[in-house]
Structure formats: C-alpha cells, structure tokens
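Notes to accompany the following structure.
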Amino acid sequence: MPKIVTPLSAKSVQSLQHNGVGRKTMHPVGVVDGLYLVIYETGSRSWLFRAMLNGRRRHFGLGSARFVTLAEAREKAKAWKKLIAEGIDPIASKKAVEERRINFADAVDLFSELELQDVKEKERKAWRSSLNTHIIPWLGKRDVNTITSLQVAEVMKPLWIEKREMAKKLRIRLDKIFVWLKAKGYRTDDSPAKWADLKP
C-alpha cells in the first residue's frame, strides 16, 4: 500500500529545504498522491506530479513554486489525476488546448453568440451585464485554461458578502461557461466555478 503522507500547510512547505544530498530533494506534500515539492541544490523550487499512465511512470511538472501556490499545485494535480484515471495524457490534452487559446472576455463573447441565441433578450442582457461588471474587469484578459477556483473565489468573495443572490446567479453562469469551454476544447480542467470547490 502507498505510504500515507500527512498534508503539509503552506507554512510548512516554505520551511522545507534541500537535504544536502544530490542535485535535488523531493518532498511529498500530501492531499494528492504523487505531488511533490522539488528543491534543487541551487535553491530553486518547483512542483512535480508523479503518476502511472498506460503502465508507465510519468513525471509532470506543475510550475515553479515561486509562481504556483501549494493550493494551486494541489488543484492542478487533482485535475490531472482525474484525466489520467480516464486514460487521458494531460500533456497531450494541454497541447491541444493551447492551440485553441482564448481569453475570458473573448470566451464570453463567443459563448453569448453561440449558446445564448435562443435566450430572451432580457436574460441575455442580464448575463452580459453581470459578467461585464463583476468578472471581466479582473479575469477578462486571462487565458481561460489558466483560471483557477482560487481566482474565481477571490473575485467573487466581495459580491458574495454584499449581494448574495446576485453572486449565486453569477456563479451558475460562470460554471456553465467553463463547462462549455472544456467541452469545446478551450480548457483542460473542470470548471473552476463549481460550488463544491468554491464553498470552502
């Protein structure tokens, strides 16, 4: 059986060091099996996800720890683990998505044009108004494939406190857009606007 790793906090991860042996030290950080913080003898730190795909051990880099937080690395590892369980190579899937890169503002335009044609004018305007006011100023220029649940939560938190009903409607609209983006090949991961991920 695989060894159970005690989940480390962000503070504990920051305190991890190279052990002085070899070019790099790999520290399991818990929550997702196979997720490691790799610390090189030079002092640089990065995230690594190890998993079995089609009978082979594969290593997937998840980015520098300078730019990717522990929570973001766990979120990405969970998403890639799900793809692997379905027999999908995350790297190949990511390359396919990169060929169809689009920012969120353009994605909203495309979604509105293709999916809201049969929606009443009043509702269509409500969709666009809520997104233009509360989301696009902060996420509009971001590649839809890089947007995380943490980013969505950060943007929506003030609205959730001040206008709860509007926040609920907006989250549902965001979720529908991101599910559509994944189905159309613009995004690798599941929707970052799922309630189960935003609620905490």
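What follows is calculated from the coordinates using simple rules that are stated; it is not laboratory data. Fair warning: this is a prediction, and the values are worked out from it, not measured in the lab. Backbone-built Cβ (ideal geometry, glycine too); neighbour counts: all protein chains shown.
Got a sec? Charge dipole of the chain, +1 on Cβ for Lys and Arg, -1 for Asp and Glu; which of Leu37, Trp195, Val21 is way out at the positive end?
About the Cα centre, the residue reaching furthest to the positive side is Val21.
Could you line up Thr146, Thr188 from fewest to most neighbouring Cβ atoms inside 10 Å?
Sorted ascending by nearby Cβ count, the order is Thr146, Thr188.
How big is the dipole moment of the chain about its Cα centre under a simple scheme where the beta carbon of each Lys and Arg is +1, that of each Asp and Glu is -1, and everything else is neutral? Debye, nearest 20, please.
380
What ranking do 165-172, 130-137 get when scored by the average of other Cβ atoms within 10 Å per residue, highest first?
Listed from highest to lowest mean packing, they are 130-137, 165-172.
Report the local net charge at Val155: Lys and Arg +1, Asp and Glu -1, summed over other residues whose C-beta lies under 12 Å from its C-beta.
+2
So what are the three principal axis dimensions of region 100-198 from its Cα atoms, in whole Å, longest to shortest?
35, 31, 23
Provide Rg and Dmax in Å for region 10-87, with only Cα atoms included in the calculation.
12.6, 38
Using every alpha carbon pair in the chain, what percent of pairs falls into each 10 Å bin from 0 up to the bin containing the largest distance?
Going from the shortest bin to the longest, the percentages are 8, 30, 31, 20, 8, 2, 0.
If you put +1 on each Lys and Arg Cβ and -1 on each Asp and Glu Cβ, how big is the dipole of region 10-87 around its Cα centre, in Debye rounded to 20?
120
R0 = 41 Å: FRET efficiency of Glu113 with Ser12, Cβ-based, nearest 0.05?
Efficiency, rounded to the nearest 0.05: 0.30.
Say the dipole of region 108-182 comes from +1 at the beta carbon of Lys and Arg and -1 at that of Asp and Glu; which of Trp160, Thr148, Ile172 then lies farthest toward its positive end?
The residue sitting most towards the positive pole is Trp160.
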